[in-house]
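Read-outs: derived from the displayed coordinates by stated rules, not from any lab. Bear in mind the structure is a predicted one, so any value in this text is a computation, not a measurement.
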Ligand code: PGA
């Protein structure tokens with residue numbers, strides 16, 4: 001079942017996401033956390049950083065990584081995760097894994113899936129959502145059962161994320177992403193969506209049919225998924241959903 005929580009604003013959504021993670025770390029100091037890049041979860045990471053939790057035993061897996069960037073590129077997700085998540089939270093970098101984009105990508109995807117299994121699976125996975133309904137880099141049309149795999153970025157995602165690169169041409173075209181099958185095996189999912197640009201994708205994900213054309217609709221298949229939204233991101237949901 002998908003639990004929807006509408007918060008007053010982005011800051012409150014970040015605090016609520018941090019509350020869920022803080023409680024999970026309190027219950028299990030060796031939590032396996034699934035972390036997401038992107039702008040939407042930044043408030044969660046900032047709120048957690050302020051709380052100065054003991055995360056010395058927490059390990060983490062990122063959702064995805066670009067292919068085709070040099071290893072020291074500041075927008076590789078390894079670099080973004082280090083900057084936005086590992087350092088502010090005080091995570092042990094050796095316990096935080098991102099897919100290896102420098103070797104054979106197919107082998108790296110298989111190794112990444114195996115590493116998640118070896119770690120006992122992800123306990124709590126944080127997710128953003130693309131305007132096209134993607135989760136991780138599982139674009140519309142992706143298998144709802146796939147493990148971590150090599151994927152193409154959609155034209156829409158490339159346009160949305162080109163803001164992080166000097167031009168659209170510099171924006172990667174391929175990635176390694178946890179599959180929707182991988183994501184659904186996490187014991188708990190917390191998706192955060194902010195702003196009007198996400199409103200239609202959120203409504204389709206929560207109230208529409210489960211379909212690979214809207215990958216986030218797969219959350220409906222998960223027994224413990226929480227969706228945190230601000231009022232703008234909630235604006236296309238059926239009114240009874242927002243009121244409940
Ligand atoms: P955003 O990205 O939070 O930067 O909007 C979300 C996503 O593409 O998953």
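Antiparallel as a % of all DSSP beta bridges within region 143-241, to the nearest 5?
Approximately 45 percent, going by the DSSP bridge assignments.
Cut-off 10 angstrom, C-alpha nodes, Gaussian network model of the chain. Which of 199, 107, 46 fluctuates the most?
107
Using just the helices of the chain, give the 222 nm mean residue ellipticity in deg cm²/dmol: DSSP H runs with n ≥ 4 each add -39,500 (n - 2.57), and the total is spread over all residues, rounded to 500.
Calculated from helices alone, the mean residue ellipticity at 222 nm is -8500 deg cm²/dmol.
Looking at the square roots a ≥ b ≥ c of the eigenvalues of the Cα gyration tensor of region 1-129, which shape do they give, rounded for a/c under 1.5, prolate if a/b is larger than b/c, or oblate?
In terms of gyration-tensor shape, prolate.
What shape does region 127-244 have by the C-alpha gyration tensor, where a ≥ b ≥ c are the square roots of the eigenvalues, rounded means a/c under 1.5, and otherwise prolate means a/b greater than b/c and oblate the rest?
Taking the square roots of the gyration eigenvalues as a ≥ b ≥ c, region 127-244 is oblate.
Looking only at the chain, where both bridge partners belong to it, what percent of the DSSP beta bridges are antiparallel (to the nearest 5)?
Taking every DSSP beta bridge with both residues in the chain, the antiparallel ones total about 30 percent.
Given contacts defined as C-alpha pairs under 8 Å and at least six residues apart, what's the relative contact order of region 108-240, whole-number percent?
30
Using 0.36 nm per residue, how much length does the chain from residue 52 to residue 8 gain when fully extended, once their Cα-Cα distance is taken away?
13.4 nm
Rounded, prolate or oblate: which fits region 181-234 when a ≥ b ≥ c are the square roots of the eigenvalues of the alpha-carbon gyration tensor, with rounded for a/c under 1.5 and prolate only if a/b beats b/c?
oblate
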